[in-house]
Amino acid sequence: VALVRSAPLVLLVNSATPRMLASIPGARHVAVGVQHTLAQDSRGRVFGWGSNGNMRLGAGDTIGPGLTTATAPYATLFTGVLGLAAGSDHTVAISANGSVVGAGYAWHGQLGTGGQTSAATPIAAGTP
């Protein structure tokens, strides 16, 4: 995965050479999980695509493949984000106000809620 200043997001997908899949204007940060990818833009929005198994995209649904093609519009999953990370089955982000939010599988406490309840949409850490 490569980000080039003033250039569109370029992704390497099942290819020996990078190729353009789609443009996310102002892309600043990319996080890659096992089966999903996230990109954060300069406005603090997070976009995601790939598998939505275990609700890892935080898109609000509980099953389905998520957004898997370059032609599908990317969903804005989180807003007001300063940084993000992708685990194998979850996504976590820190917001401008310092709160940490996450979505996806939480059987081992990955979302920081103090429990093991998975979340289909972003939930604040420390919220059981």
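The values are calculated or read from the model by the stated rules, or taken from the named source; none is laboratory data. Just so it is clear, the structure is predicted and the values come from calculations on it, not from any experiment. Note that we place each Cβ from the backbone using ideal geometry, even for glycine, and neighbour counts take in every protein chain shown. Side chains included, ligands, DNA and RNA excluded: accessible areas come from the protein's heavy atoms. Shrake-Rupley method; radii C 1.70, N 1.55, O 1.52, S 1.80 Å.
Yes/no per residue for (1) in a loop (DSSP other than H, G, I, E, B); (2) within 18 Å of PRO25 (Cα to Cα); (3) modelled with pLDDT under 85; (4) of a type in the set (Val, Ile, Thr):
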position: ARG43; (1), (2), (3), (4): yes, yes, no, no
position: ASN54; (1), (2), (3), (4): no, no, yes, no
position: PRO65; (1), (2), (3), (4): yes, no, yes, no
position: THR76; (1), (2), (3), (4): no, yes, yes, yes
Original post:
In the list GLY114, GLY83, which residue meets the criterion of being modelled with pLDDT of 75 or more, under 19 Å from ALA125 (Cα atoms) and either part of a strand (DSSP E or B) or open to solvent by less than 40 Å² (accessible area, probe 1.4 Å) (or both)?
Top reply: GLY83
**OP:** Provide a single number: the residues in the range 87-118 that are touching a residue at least 60 places away in the same chain (Cβ under 8 Å) and within 20 Å of GLY44 (Cβ to Cβ).
**Re:** 1
Subject >> Output for the range 86-96, where each listed residue is within 17 Å of ALA119 (Cα to Cα), in a loop (DSSP other than H, G, I, E, B) and open to solvent by 30 Å² or more (accessible area, probe 1.4 Å) >> reply: SER88, ASP89
**OP:** Could you list all residues from the range 31-59 that are within 9 Å of the chain's Cα centre (by Cα) and open to solvent by 30 Å² or more (accessible area, probe 1.4 Å)?
**Re:** VAL32
**OP:** Return yes or no: is ALA22 modelled with pLDDT under 65, in a loop (DSSP other than H, G, I, E, B) and surrounded by 15 or more Cβ atoms within 10 Å (Cβ to Cβ)?
**Re:** yes
**OP:** Answer yes or no as to whether ARG5 is modelled with pLDDT of 60 or more and closer than 21 Å to VAL81 by Cβ.
**Re:** no
